[in-house]
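Participant: This is the structure I want to talk about, given as structure tokens.
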There are 2 protein chains.
Amino acid sequence: MNPAAGVIDAFGLVVGTANVLTEGDLSAYEIDWRKRYRGRALAVVRPGSTAEVAAVVRLCAAHGVGLVAQGGNTGMVGGSVPDGSGTQVLLNLTRLNRVRAIDVANLTLTADAGCVLQAVQEAAAAQGLLFPLSLAAEGSCTVGGNLATNAGGTQVLRYGNTRELCLGLEVVTAAGEVWNGLSGLRKDNTGYALRDLFIGSEGTLGVITAATLKLYPQPAASTTALAALPSLESAVGLLQLAQARLGSSLTGFEVMGEYSLGLLRAHFPQLVQPLPPAPWTVLLEQSDSEGADHARTLFEALLETALERGLISDAAVAGSIEQSRAMWRLRESIPLAQSLEGLNIKHDISLPVSAITRFVTDTDVALLKAFPGVRLVNFGHLGDGNLHYNVQAPPGDDAAAFLRQHEPAVNALVYDAVDAHGGSFSAEHGIGALKRDELAQRKSPVALKLMRAIKQALDPQNIMNPGRVL
Amino acid sequence: MNPAAGVIDAFGLVVGTANVLTEGDLSAYEIDWRKRYRGRALAVVRPGSTAEVAAVVRLCAAHGVGLVAQGGNTGMVGGSVPDGSGTQVLLNLTRLNRVRAIDVANLTLTADAGCVLQAVQEAAAAQGLLFPLSLAAEGSCTVGGNLATNAGGTQVLRYGNTRELCLGLEVVTAAGEVWNGLSGLRKDNTGYALRDLFIGSEGTLGVITAATLKLYPQPAASTTALAALPSLESAVGLLQLAQARLGSSLTGFEVMGEYSLGLLRAHFPQLVQPLPPAPWTVLLEQSDSEGADHARTLFEALLETALERGLISDAAVAGSIEQSRAMWRLRESIPLAQSLEGLNIKHDISLPVSAITRFVTDTDVALLKAFPGVRLVNFGHLGDGNLHYNVQAPPGDDAAAFLRQHEPAVNALVYDAVDAHGGSFSAEHGIGALKRDELAQRKSPVALKLMRAIKQALDPQNIMNPGRVL
């Protein structure tokens, strides 16, 4: 009997043999959804409680077996599938899917890590409250994964990243102990920020099994507008104006380059674009605690001032929820239009807002010089300084061949420019396996030394998501 | 020559002998402002740059000497003065007092750790921007200390604790290396949350030397109101209503028990109380991005609804900035009135908002039963679940004798009740030396184990603020 068989049998005793999968088609667990990573698990283990997670981790620790925690398997960086060695346990948490409690007066909700994000949103909405985290994968991603990667999304400008939406955690440590830090407190200064250390650590320090999350009152109304702009600099100016005028009721500020909207016209001609083509288009969203009329009045006054100052050349305010949704659909369809146009090289970068114009101007020029004919698909969450700054092969080129030949050099050019402008090479997607080398090269040696010391201290056997992040 | 003399001479070579103090009256450095801790330093060292801080830490590491970082020395828990052994270096950072940069478009400000909080507020205001951290000691506390203790204050409801106001840090590690993490990015998912780990670690993991802080547009207007309430439960109801109606423009929600306001009438009869005595009084503040008329209209509508629902019995809206300030002065004068009434036992606690009524009702009863005649001074940041729940000796008793005899038992009763209601025994003041034993007793063993592992990993020689927190 091989040594692995013993531990697999032991998993069965903990979670039931029906929840230990070693045969058949395990591709839903072993292949990431972008199909860049195809791993092979020693076993897929599906615990049904925090205590079972802890027992599984203790078994892994006793046998020196690595484990990869997985929620909805919607990550962007290959952080939640096993490697190809067949030695790592895939710990799937989707059976931990209860909303444990909602505390309306305290504006908090406690959920298992395996809860789908949308289920959390709906549980909050059923109480007339808002859980503001919102992102494309919300129908299948889990809050545990959102926390492990500190997910961003479309509401960061107002509500922050997932980190800012979490008050407390329950975590199984690498020793298989349960830390119950499920506090619903806005203030608690009793020791080190363990919560924040586990958030964003991508399963490499412990397994998040539950969280207490912040809720907010539902806004009384939301309004959306599109504005056409002559330059990216004007977009930064419009952002400043909107922040001053709308304060925290400005909940969305998305930018789209003309080439991005051109891709929509080519691939989705049925999507109406209310404004004529302009170098840049911004989608603004305001969430109002008073009502629709108030929101609209404020919004129109803002856009009028922006027109007077020459920041924008044209604007359209949504007159209905349907129009508002149609505006968002433009923004959200860009990634798909881009895929239909062909393979491309994606960069999830962030920059100080003040550096964005210079970064884009300079890097566009440098890319076109180094790789003549490439097309630049540029859109993103300008309000957070987060751009999806993607590079598409020249028209007519074999895109796959272009990527094979040029992807490392394109990345190096873009990330060097990001570094030079004080930015980050991973704004909201994390490191996982995909950007591990980038982290080792680009993060400061002192930061890396601190991270490695923390990893060694909390996971001395290196069993928690080995091969990711560090 | 004793071994200490060598290291003191070496400090002089690094920072200049004028900035190494070993003689004369060092009480401003060695005694905390509450005069509960009177330490003795090996030397007071006053570096003038981050490089000098790093060199001093390297000397301490080489000689195995402990060091205590100090800013304005306004901490509440004895975390920034040396112990009495005469072996710890007091590293005073107030010479690091430059605002390094303000980035208006990015809404960030980078400051040395030794900058006084008020200087940061003023530098932001000079650009028409707001740095919202505000607390009683703002004229002398430093941003380094605010970060090291994750300070709270009066604007947490809207803007969060100091942690939420910080985007990047520069830190000198226990090895005397400089980590430059001065990012001005809203999104950056490249590895572990080192920033958050150093924030709130009270100088026990490294020395914060600079920070990049978030700024906000200045609100166009602020309005303040007082409301009289029949019960604490009504105050929680009013909070929910105000959050739903005002959204994020609700920037203050402070509660004051009748006994607290009675102390004001006794000790500060010149302070006008606009409302007749009621069991509870709430101070609400709204910050408006539109203007004073809009703020007042919204506020009056809110209070009218609260009256109709019986949540409040009376209300007064400030008609001018002077009236608004007078309302805040009531709230801010309670600690002093309490001191004038006599020594008392202070508790800086937080609870889930939903548990506050039950906690106060039950704990009041338990305290009065165990310590007949004690007076309960109860006020605080209800919007954050943060109460200053203080216990004053029975009238006529010798307060000092009462404290000597009963303080441990009073603390145990209060903190046991806090634990039972899911609260924290240190909401915004931290641990320092004062609550170190409390932390060891009340924090979960798993959390303590994780904290100790992190401390050991980042400061293996235990030279960073030894004897504090852990």
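Participant: Looking at the stretch B:304-313, which of its residues are in contact with a strand residue (DSSP E or B) (Cβ under 6 Å, 6 or more places away or on another chain) and open to solvent by 10 Å² or more (accessible area, probe 1.4 Å)?
Facilitator: Hit for the stretch B:304-313 is B:S313, nothing else.
Participant: Sort out which residues of the stretch B:336-377 are surrounded by 23 or more Cβ atoms within 10 Å (Cβ to Cβ) and of a type in the set (S, T, N, Q), and write them in order of number.
Facilitator: Answer for the stretch B:336-377, where residues must be surrounded by 23 or more Cβ atoms within 10 Å (Cβ to Cβ) and of a type in the set (S, T, N, Q): B:Q338, B:S350, B:T363.
Participant: If you don't mind, there's one more thing I want to ask. From the list B:V53, B:V44, exactly one residue is in a helix (DSSP H, G or I), touching a strand residue (DSSP E or B) at 6+ places or on another chain (Cβ under 6 Å) and within 20 Å of B:E202 (Cα to Cα). Which is it?
Facilitator: The match here is B:V53.
Participant: I need the full set of residues from the stretch B:456-469 which are within 8 Å of chain A (Cβ to nearest Cβ) and open to solvent by 20 Å² or more (accessible area, probe 1.4 Å), in order please.
Facilitator: Scanning the stretch B:456-469 gives B:Q456, B:A457.
Participant: So is B:A301 of a type outside the set (D, E, K, R), under 30 Å from A:Q286 (Cα atoms) and more than 30 Å from the chain's Cα centre (by Cα) or not?
Facilitator: In short, yes.
Participant: Turning to a different aspect of this structure: Restricting to the stretch B:77-92, give me the number of residues that are closer than 20 Å to B:C166 by Cβ and surrounded by fewer than 24 Cβ atoms within 10 Å (Cβ to Cβ).
Facilitator: Selection size over the stretch B:77-92: 0.
Participant: Suppose we filter A:G160, A:G184, A:G203 for residues that are facing chain B (nearest Cβ under 7 Å) and closer than 27 Å to A:E138 by Cβ; which single one remains?
Facilitator: Exactly one of A:G160, A:G184, A:G203 is facing chain B (nearest Cβ under 7 Å) and closer than 27 Å to A:E138 by Cβ, namely A:G184.
Participant: A follow-up question, please. Do we find that B:A316 is in contact with a Leu (Cβ under 7 Å, 6 or more places away or on another chain), closer than 30 Å to A:Q218 by Cα and surrounded by fewer than 20 Cβ atoms within 10 Å (Cβ to Cβ) in this structure?
Facilitator: In short, yes.
Participant: Being out of contact with any Asp or Glu (no Cβ under 9 Å at 6 or more places or on another chain), surrounded by fewer than 20 Cβ atoms within 10 Å (Cβ to Cβ) and within 12 Å of another protein chain (Cβ to nearest Cβ) is the requirement here; does A:L413 meet it?
Facilitator: Against the criterion (out of contact with any Asp or Glu (no Cβ under 9 Å at 6 or more places or on another chain), surrounded by fewer than 20 Cβ atoms within 10 Å (Cβ to Cβ) and within 12 Å of another protein chain (Cβ to nearest Cβ)), A:L413 does not qualify.
Participant: Same structure again: I'd like the residue in the stretch A:350-366 that is in contact (Cβ under 8 Å) with a residue 12 or more places away in the chain and of a type in the set (A, V, I, L, M) and, out of all such residues, is nearest to the other protein chains (Cβ to nearest Cβ).
Facilitator: Top of the filtered list is A:V353.
Participant: Same structure, new question: As an exercise: evaluate B:A447 against (1) within 14 Å of chain A (Cβ to nearest Cβ); (2) over 28 Å from B:D32 (Cβ atoms); (3) small (G, A, S); (4) free of Cβ contacts under 8 Å to residues at least 12 places away in the same chain and give the number of the one condition it does not meet.
Facilitator: Unmet for B:A447, out of (1) within 14 Å of chain A (Cβ to nearest Cβ); (2) over 28 Å from B:D32 (Cβ atoms); (3) small (G, A, S); (4) free of Cβ contacts under 8 Å to residues at least 12 places away in the same chain: (2).
Participant: Only one of A:G396, A:G380 is at pLDDT below 95 and open to solvent by less than 40 Å² (accessible area, probe 1.4 Å). Can you tell me which?
Facilitator: After ruling out the rest, the residue left standing is A:G380.
Participant: Residue check: is A:T154 open to solvent by 10 Å² or more (accessible area, probe 1.4 Å) and in contact with an Asp or Glu (Cβ under 9 Å, 6 or more places away or on another chain)?
Facilitator: yes
Participant: Just checking, does the stretch A:293-303 include any residue being modelled with pLDDT of 95 or more, part of a strand (DSSP E or B) and either surrounded by fewer than 17 Cβ atoms within 10 Å (Cβ to Cβ) or not polar (S, T, N, Q) (or both)?
Facilitator: Taking every residue of the stretch A:293-303 in turn, none turns out to be modelled with pLDDT of 95 or more, part of a strand (DSSP E or B) and either surrounded by fewer than 17 Cβ atoms within 10 Å (Cβ to Cβ) or not polar (S, T, N, Q) (or both).
Participant: Can you tell me which condition B:A420 does not meet? The list is (1) open to solvent by 60 Å² or more (accessible area, probe 1.4 Å); (2) of a type in the set (A, V, I, L, M, F, W, C); (3) within 11 Å of chain A (Cβ to nearest Cβ), and all the others hold.
Facilitator: Here B:A420 meets the rest and fails (3).
Participant: Scan the stretch B:47-56 and tell me whether some residue there is at pLDDT below 95, more than 16 Å from B:C141 (Cα to Cα) and not β-branched (V, I, T).
Facilitator: For the stretch B:47-56, residues at pLDDT below 95, more than 16 Å from B:C141 (Cα to Cα) and not β-branched (V, I, T): absent.
Participant: Right, here's the next one. Quick check on the stretch A:424-440. Is at least one of its residues in a loop (DSSP other than H, G, I, E, B), in contact with a Leu (Cβ under 7 Å, 6 or more places away or on another chain) and farther than 11 Å from A:H347 by Cβ?
Facilitator: For the stretch A:424-440, residues in a loop (DSSP other than H, G, I, E, B), in contact with a Leu (Cβ under 7 Å, 6 or more places away or on another chain) and farther than 11 Å from A:H347 by Cβ: present.
Participant: Is it the case that the stretch B:39-62 has a residue that's touching a Lys or Arg at 6+ places or on another chain (Cβ under 9 Å), without any contact (Cβ under 8 Å) to a residue 60 or more places away in the chain and either surrounded by fewer than 20 Cβ atoms within 10 Å (Cβ to Cβ) or among the polar types (S, T, N, Q) (or both)?
Facilitator: yes
Participant: Confirm whether B:G176 is part of a strand (DSSP E or B), more than 7 Å from chain A (Cβ to nearest Cβ), in contact (Cβ under 8 Å) with a residue 24 or more places away in the chain and surrounded by fewer than 24 Cβ atoms within 10 Å (Cβ to Cβ).
Facilitator: Spelling it out, it is not the case that B:G176 is part of a strand (DSSP E or B), more than 7 Å from chain A (Cβ to nearest Cβ), in contact (Cβ under 8 Å) with a residue 24 or more places away in the chain and surrounded by fewer than 24 Cβ atoms within 10 Å (Cβ to Cβ).
Participant: Which residue out of A:L147, A:L182 is among the hydrophobic types (A, V, I, L, M, F, W, C) and either at pLDDT below 95 or surrounded by fewer than 24 Cβ atoms within 10 Å (Cβ to Cβ) (or both)?
Facilitator: The conditions single out A:L182.
Participant: May I pose another question? Going by the structure shown, is A:Q127 surrounded by fewer than 20 Cβ atoms within 10 Å (Cβ to Cβ) and either within 12 Å of chain B (Cβ to nearest Cβ) or of a type in the set (V, I, T) (or both)?
Facilitator: yes
Participant: From the set of residues in the stretch A:93-113 that are part of a loop (DSSP other than H, G, I, E, B) and within 14 Å of chain B (Cβ to nearest Cβ), which is most open to solvent (accessible area, probe 1.4 Å)?
Facilitator: Per the stated criteria, the residue is A:V104.
Participant: From the set of residues in the stretch B:423-444 that are crowded, with 21+ Cβ neighbours inside 10 Å and of a type in the set (G, A, S), which is farthest from the other protein chains (Cβ to nearest Cβ)?
Facilitator: Of everything passing the filter in the stretch B:423-444, B:A433 is farthest from the other protein chains (Cβ to nearest Cβ).
Participant: Let me ask something else. Please go through (1) at pLDDT 95 or above; (2) touching a Gly at 6+ places or on another chain (Cβ under 9 Å); (3) assigned to a helix (DSSP H, G or I) for A:L311 and return the number of the only condition it doesn't satisfy.
Facilitator: The number of the failed condition is (3).
Participant: Could you figure out which of (1) open to solvent by 10 Å² or more (accessible area, probe 1.4 Å); (2) in contact with a Gly (Cβ under 6 Å, 6 or more places away or on another chain); (3) under 29 Å from B:G385 (Cβ atoms) isn't true of B:L169?
Facilitator: Against the list (1) open to solvent by 10 Å² or more (accessible area, probe 1.4 Å); (2) in contact with a Gly (Cβ under 6 Å, 6 or more places away or on another chain); (3) under 29 Å from B:G385 (Cβ atoms), B:L169 comes up short only on (1).
Participant: Of the residues in the stretch B:264-290, how many are part of a helix (DSSP H, G or I) and open to solvent by 10 Å² or more (accessible area, probe 1.4 Å)?
Facilitator: Qualifying residue count for the region: 3.
Participant: Same structure, new question: Which of the residues belonging to the stretch B:199-222 are buried (at least 24 other Cβ atoms within 10 Å of the Cβ) and either closer than 30 Å to B:Y389 by Cα or over 20 Å from the mean Cα position of the chain (by Cα) (or both)?
Facilitator: Hits for the stretch B:199-222 are B:I199, B:G200, B:S201, B:E202, B:G203, B:T204.
Participant: Go over the candidates A:L261, A:L307, A:L343 one by one and state the one that is within 22 Å of the chain's Cα centre (by Cα), farther than 30 Å from B:R245 by Cα and aliphatic (A, V, I, L, M).
Facilitator: Within the list A:L261, A:L307, A:L343, the selection yields A:L343.
The values are calculated or read from the model by the stated rules, or taken from the named source; none is laboratory data. Since this is a predicted model, take the numbers as computed values, not measurements. Cβ: placed from backbone, ideal geometry, glycine included. Neighbour counts: every protein chain shown. Please note that ligands, DNA and RNA were not included when accessible areas were found on the heavy atoms of the full protein model with its side chains. Shrake-Rupley method; radii C 1.70, N 1.55, O 1.52, S 1.80 Å.
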